[in-house]
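Everything below concerns the one structure shown next.
The values are calculated or read from the model by the stated rules, or taken from the named source; none is laboratory data. In this text, all values refer to a predicted model and were calculated from it rather than measured experimentally. Neighbour counts are summed over all protein chains in view; Cβ atoms, including those assigned to glycine, are modelled from backbone coordinates with ideal geometry. Side chains are part of the model used for accessible areas, which takes the heavy atoms of the whole protein and leaves out ligands, DNA and RNA. Shrake-Rupley method; radii C 1.70, N 1.55, O 1.52, S 1.80 Å.
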Amino acid sequence: KGQANLLKALIWLAKVQKPDGSWGDSKKVSQALSGLALLTFLAHGETPQSKRFGNTVKKSIQWLVEAPMDVKSSHAYPHAIRAYALAEAYTMTGISVIEGPLLECMDIIIKGQQEGGCFDYKYNKDTRQDLSIAGWNYQAMKAAYGTGLEIPGLEDGIYKAIAWLKKM
């Protein structure tokens, strides 16, 4: 029953995907929703070569690769989720056009991490710490590490994250 429900969800997601490859109605949330939708397909093992959902995955990856970097919105959730999805997509597919935007996303995340290892909205470096936003950035960091790409500062960022979590 669980697999049948998952398949129904994937069919629905494919049906409501916008022609440009995104999900969502505003630039602010489209990167987050599109990243989450792509992660759902990837978790099911779908790639651009998949028979049933290949075109959906391909269009989603293309949209996330081409979407402008936006960390100046009210929070950085969409950016972290986009980075997470791109990292997983790169690991599963090796599509070379993902690499540049992924590295750019990760540079923002690494530079936006607070000295103590946490994160705040808009990647502020002040004293406010937010575990929710940090969690999405940690997932992006973990997924980026799994790509095998050389990402300056990533390992240090992961160690800072682990230290912060242990302290909390």
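Numerical summary
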| read-out | value |
| --- | --- |
| Filtered residues of the stretch 86-132 (kept if closer than 19 Å to Leu165 by Cα, part of a helix (DSSP H, G or I) and either over 13 Å from the mean Cα position of the chain (by Cα) or modelled with pLDDT under 95 (or both)) | Ile110, Lys111, Gly112, Tyr121, Tyr123, Leu131, Ser132 |
| All positions within the stretch 21-36 that are at negative phi, surrounded by 13 or more Cβ atoms within 10 Å (Cβ to Cβ) and not in a helix (DSSP H, G or I) | Ser22, Trp23 |
| Selected residue [open to solvent by less than 10 Å² (accessible area, probe 1.4 Å), touching a Cys at 6+ places or on another chain (Cβ under 8 Å), of a type outside the set (D, E, K, R) and closer than 23 Å to Asp20 by Cβ] from Ala83, Ala134 | Ala83 |
